[in-house]
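The values are calculated or read from the model by the stated rules, or taken from the named source; none is laboratory data. From a predicted model like this one, the values you see are computed outputs, not experimental measurements. Quick reminder, even Gly has a Cβ in these numbers, built from the backbone with ideal geometry, and neighbours come from all protein chains shown.
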Amino acid sequence: MISTGWPRRHHSPYGGRHETVLLSPILLTVLIAALAFATPREIAFSRLLPAAPALAASMWPVLSTVLLGVFCLLVMIGLSLVYSDLGTPYTAAAIVAVTLAAAYTSHLRLQREEALFQIRLVADAAQQVLLRPLPRRVQNVEIESLYLAAQEQARIGGDFYEVADTPYGVRLLIGDVRGKGLSAVGAASAVINCFRENAYDEPDLGGIIHRLETSMCRYSVAILDPDQPEHFATALIAEIPHVGGHVKILNCGHPPPLLMQSGEIRVLEPTVPSPPLNLAALLGDDYHVDTITFASGDQILLYTDGVTETRDRTGTFFPLPEWMGQLGPAAPRELLDRLHEDLLHYSGGRLDDDIAAVAVRCRHPVAREGSA
C-alpha cells in the first residue's frame with residue numbers, strides 16, 4: 001500500500017523557513033510557468049516542468065506529488081494553446097513519466113521515514129531506561145543533568161550518570177565507557193544497573209566500586225567483540241552525607257570534577273589515582289576516597305571527557321575551569337544550559353564526542369569542616 005499522509009517528522013521547530021522549503025515545488029512550478037509564458041518560445045522554459053514533481057518527491061507525500069504533476073501537465077496544455085510548436089507531446093510525456101517515478105520515490109521515502117521514526121521511539125525508550133531523568137532535588141541537594149550526543153541521529157551512547165538517595169547520603173555516579181555503538185551502550189547499562197542495586201547496600205564507596213568492577217569484568221567476558229576485545233570505563237562516585245558539610249569522591253580514571261566554593265574554582269584532582277573499571281587486574285585494585293569540604297551554596301560540576309575535549313576551529317580544547325570561573329555563581333540548570341550553548345558555539349555546532357554533565361549544589365546550612 002502506498003502512503004499518502006505527511007510524515008510525522010514534518011512537525012519541525014524551524015517555523016517559517018521549513019514551510020518555505022515545503023512550498024518550494026509550488027514556487028518552482030510557478031516560476032517555470034511564468035518564464036515560459038513571458039519569454040520567447042525558442043527558450044522553451046516549459047521543458048523544465050518535470051523538475052517540479054521530482055523535487056516534490058523529496059519532501060511531499062505521494063498524493064500531493066501526483067497532484068503537482070497533474071498541475072504541471074495542465075500548465076503544459078495551457079502553454080500549447082498559446083504556442084503551438086513547443087513539442088508539447090514530448091514534454092507532457094516527460095511530466096507523466098517523472099511524476100510516476102516521483103510518486104514511487106515518495107512512497108519509498110515515507111516508508112523509510114516511518115521505520116526511522118519507530119527506531120527512534122525504541123531508542124528513546126532505551127535512553128529513558130539507561131539514562132532516566134534525574135530528580136531535581138534529593139534531600140538538601142539540587143541536581144541537574146545534561147546529555148549531548150555527538151551525532152544528531154544518536155539517542156544513547158557510552159556516557160552515563162545516575163543518582164541514588166541512600167541511607168549513607170546522596171550518591172552520584174558518572175562515567176564513560178571506552179568505544180561507541182551498541183557494545184558501549186551495553187557496558188554502560190551493566191555499570192548503571194549494578195550501581196542502582198548496590199548503592200543502597202554498600203556502606204562505603206570502595207565496596208560499590210568493587211561491585212562495578214566485577215560487573216564490568218563479567219560483561220566483558222560475556223560479550224565477545226572482535227573489534228573491541230576488552231571493555232573498560234572511567235567512573236566517578238560522589239557521596240554527599242545528609243549532614244556533615246563534606247563530599248566523598250572516588251575517582252577511577254575520570255576527569256576531575258570542578259568545585260565552585262566562595263566564588264573560586266577548584267579542580268578536584270584525586271590525591272591517589274584509582275584504576276578505571278575492568279583494569280584492576282592490570283593496575284591493582286587500590287581505591288582511594290578523597291573527602292572535600294562541601295557546604296551550603298557550594299557547587300560541583302561532574303562531566304565526561306567530551307566536555308574538555310571539545311575543540312574549536314584551531315584545535316584548542318575547551319577551557320572548562322576558566323569558563324566556569326568567568327561564568328560565576330549560577331544555579332545548576334543555568335550552569336548546564338550555558339555550558340550546552342557555549343560548547344556548541346565553541347565547536348561550531350559540531351561535537352566529536354558524546355557529552356554528559358551533572359551539576360550538584362548543596363542547599364542546607366552546615367558548618368564547614370577541613371578537607372582531607
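Residues checked against (1) over 15 Å from Glu144 (Cβ atoms); (2) outside any helix (DSSP H, G or I); (3) outside the structural domain of His246 (by TED's automatic domain parsing):
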| residue | (1), (2), (3) |
| --- | --- |
| Leu302 | no, yes, no |
| Val307 | no, no, no |
| Thr314 | yes, yes, no |
| Glu322 | yes, no, no |
| Pro329 | no, yes, no |
| Leu335 | no, no, no |
| His345 | yes, no, no |
| Arg350 | yes, yes, no |
| Ala356 | no, yes, no |
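Quick check: is even one residue across region 263-285 among the acidic types (Asp, Glu), more than 27 Å from Tyr147 (Cβ to Cβ) and assigned by TED's automatic domain parsing to the domain that holds Asp165? Yes, there is a match, as at least one residue in region 263-285 is among the acidic types (Asp, Glu), more than 27 Å from Tyr147 (Cβ to Cβ) and assigned by TED's automatic domain parsing to the domain that holds Asp165.
Screening Val70, Val82, Val66, Val62 for residues that are among the aliphatic types (A, V, I, L, M), out of contact with any Pro (no Cβ under 6 Å at 6 or more places or on another chain) and touching a residue at least 60 places away in the same chain (Cβ under 8 Å) leaves exactly one candidate, Val62.
Taken over region 190-215, the criterion of being in contact (Cβ under 8 Å) with a residue 60 or more places away in the chain and not aliphatic (A, V, I, L, M) is satisfied by Asp204, Gly206, His210, Glu213. Cβ-Cβ distances below 6 Å connect no pair with a first residue in region 150-173 that is assigned by TED's automatic domain parsing to the domain that holds Gln118 and of a type in the set (Ser, Thr, Tyr), a second residue that is modelled with pLDDT under 65 and surrounded by fewer than 24 Cβ atoms within 10 Å (Cβ to Cβ), and a separation of six or more residues or different chains. Listed conditions (1) modelled with pLDDT under 85; (2) under 27 Å from the mean Cα position of the chain (by Cα); (3) surrounded by fewer than 17 Cβ atoms within 10 Å (Cβ to Cβ) are all met by Gly179, apart from (3).
Of the residues making up region 131-151, those that are more than 11 Å from Arg333 (Cβ to Cβ) and in a strand (DSSP E or B) number 5. Going through region 266-285 one residue at a time, which ones are touching a Leu at 6+ places or on another chain (Cβ under 6 Å) and in contact (Cβ under 8 Å) with a residue 60 or more places away in the chain? Correct list: Leu277 only. Looking only at residues of region 324-336 that are without any contact (Cβ under 8 Å) to a residue 60 or more places away in the chain and within 23 Å of Leu134 (Cβ to Cβ), we find that the one that is surrounded by the most Cβ atoms within 10 Å (Cβ to Cβ) is Ala330. Residue-level check: of (1) modelled with pLDDT under 95; (2) of a type outside the set (Ser, Thr, Tyr); (3) in the same structural domain as Phe117 (by TED's automatic domain parsing), Ile2 misses just (3).
Taking every residue in region 231-248 that is among the aromatic types (Phe, Trp, Tyr) and pairing it with any residue that is outside any loop (DSSP other than H, G, I, E, B), at least 6 positions away or on another chain, the pairs with Cβ-Cβ distances below 9 Å are Phe232/Val177; Phe232/Ala187; Phe232/Met216; Phe232/Ser220; Phe232/Leu277. Among the residues of region 231-258, the ones that are small (Gly, Ala, Ser), under 18 Å from Ala356 (Cα atoms) and part of a loop (DSSP other than H, G, I, E, B) come to 1 in all. Just one of (1) at pLDDT 95 or above; (2) in a helix (DSSP H, G or I) fails for Leu282. It is (1). Is one or more of the residues making up region 303-322 farther than 28 Å from Thr214 by Cα and touching a His at 6+ places or on another chain (Cβ under 6 Å)? The answer is no; no qualifying residue exists.
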